[in-house]
Amino acid sequence: MTDIERKFCVAPMMDWTDRHCRFFLRLMSRRAWLYTEMVTTGAIIHGDRERHLRFHPGEHPVALQLGGSEPEDLARCAEIGTAYGYDEINLNCGCPSDRVQEGRFGACLMKEPERVAAAVAAMRRATHLPVTVKTRIGVDESEDYVFLKQFIETVAAAGCTIFVVHARKAWLKGLSPKENREIPPLQYEVVHRLKREFPQLTIVLNGGLKTLDACADQMQELDGVMLGREVYENPYLMSQVDSRIYGEPAVELTRPAVIEALLDYVDRELAAGAHLNHISRHILGLFRGQPGGRAFRRVISQNATRPGAGSDVIRAALAEVEAATLRPAA
């Protein structure tokens, strides 16, 4: 398989994979590819660019996902993202939300492969970084394999060699974004067929994967996998990625050690004006299913939003876990 660096990716997730989340996940995996939330071209060109694009150097490798449809704007944003130090520029052709459709981008772009190709070509002229595309297997009634194959062929001809494919179609009307992640059936075999017919392309599978065993199974036929919600809800899964997926020596990294490693970052960010809950909301699932896990979440949820809340809240939550671990079984 080609491009082993993308064997394991964490999906771009709106309102979730911000810079605090990515820093936290990076503590547990050196090799996984991380993605920003989708950032629209308008937000970068006309909005608070620093808020949308800054990230910690420790996040590498990290990709910037763009939402947009105008080649000139996307090229400008690719150039800006390159200057910020990102490792990849990714174009969103898979998001089905109404707001995205109104901007004529996201999943609806699958119906305009020539426009996507033009955007990819423009971005490639503007950056030396890999320009990649995240897409679905189909949209609305257009779910036959020929439709997907023509889309991939057209975009690949413009120079895109890396595709992240969510193995579900997208319904632009009638389903919410959440329902679009759950109701359309997964069709992994369609993505496998893509790889067989386009062996020269890097094909990364997204959708429905929950375990590293399932990821390893998929990589028998594909170049990589991308997980979203499972990583967010069960982040400690990341601690095994480098050994299980990349074959590196296993490192014993306990959950408390992850918290200890995060605390210096928390203190620096708070000193710079960040609010604790903007960071701590991403770590609530770290002790899922573990003794003291509920108390850990409760202490943080009840205290992180209070004015002046500091890293002592996280330390208190960790103390609940340690106390539960030492408590004799009933």
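The values are calculated or read from the model by the stated rules, or taken from the named source; none is laboratory data. Since we're looking at a predicted model, the values are computed, not measured. Note: ideal-geometry Cβ built from the backbone for every residue, glycine included; neighbour counts use all protein chains shown. SASA here: full protein model, heavy atoms, side chains in, ligands and nucleic acids out. Shrake-Rupley method; radii C 1.70, N 1.55, O 1.52, S 1.80 Å.
Close Cβ contacts (under 6 Å, 6 or more residues apart or on different chains) running from residues in segment 50-62 that are free of Cβ contacts under 8 Å to residues at least 40 places away in the same chain and aromatic (F, W, Y) to residues that are crowded, with 18+ Cβ neighbours inside 10 Å and part of a helix (DSSP H, G or I) comprise F55/R19. Within segment 225-284, if we keep just the residues that are basic (K, R) and within 22 Å of N206 (Cβ to Cβ), the residue that is nearest to the chain's Cα centre (by Cα) turns out to be R229. Looking across segment 9-27, the residues that are aliphatic (A, V, I, L, M) and open to solvent by 10 Å² or more (accessible area, probe 1.4 Å) come down to M13, M14, L27.
Restricting the search to helices (runs of 4 or more DSSP H) fully inside segment 198-300 and requiring at least 1 residues that are within 20 Å of W33 (Cβ to Cβ) and among the aromatic types (F, W, Y) gives 229-233. All conditions but one from (1) over 21 Å from the mean Cα position of the chain (by Cα); (2) at pLDDT 90 or above apply to E141; the one that does not is (2).
Could you run through segment 69-106 and say how many residues are modelled with pLDDT of 95 or more and at positive phi? Number satisfying all stated conditions: 1. Scanning for something modelled with pLDDT under 95 and open to solvent by 30 Å² or more (accessible area, probe 1.4 Å), does segment 162-173 turn up at least one residue? Checking segment 162-173: at least one residue is modelled with pLDDT under 95 and open to solvent by 30 Å² or more (accessible area, probe 1.4 Å). What are the residue pairs meeting all of these: first residue in segment 18-40, first residue assigned to a helix (DSSP H, G or I), second residue at pLDDT 95 or above and of a type in the set (K, R), Cβ atoms under 7 Å, and 6 or more apart or on different chains? Sorted first by the residue in segment 18-40, then by its partner, the pairs are R19/R54. The condition (being free of Cβ contacts under 8 Å to residues at least 60 places away in the same chain and open to solvent by less than 20 Å² (accessible area, probe 1.4 Å)) is satisfied by just one residue among I300, I245, I279: I300.
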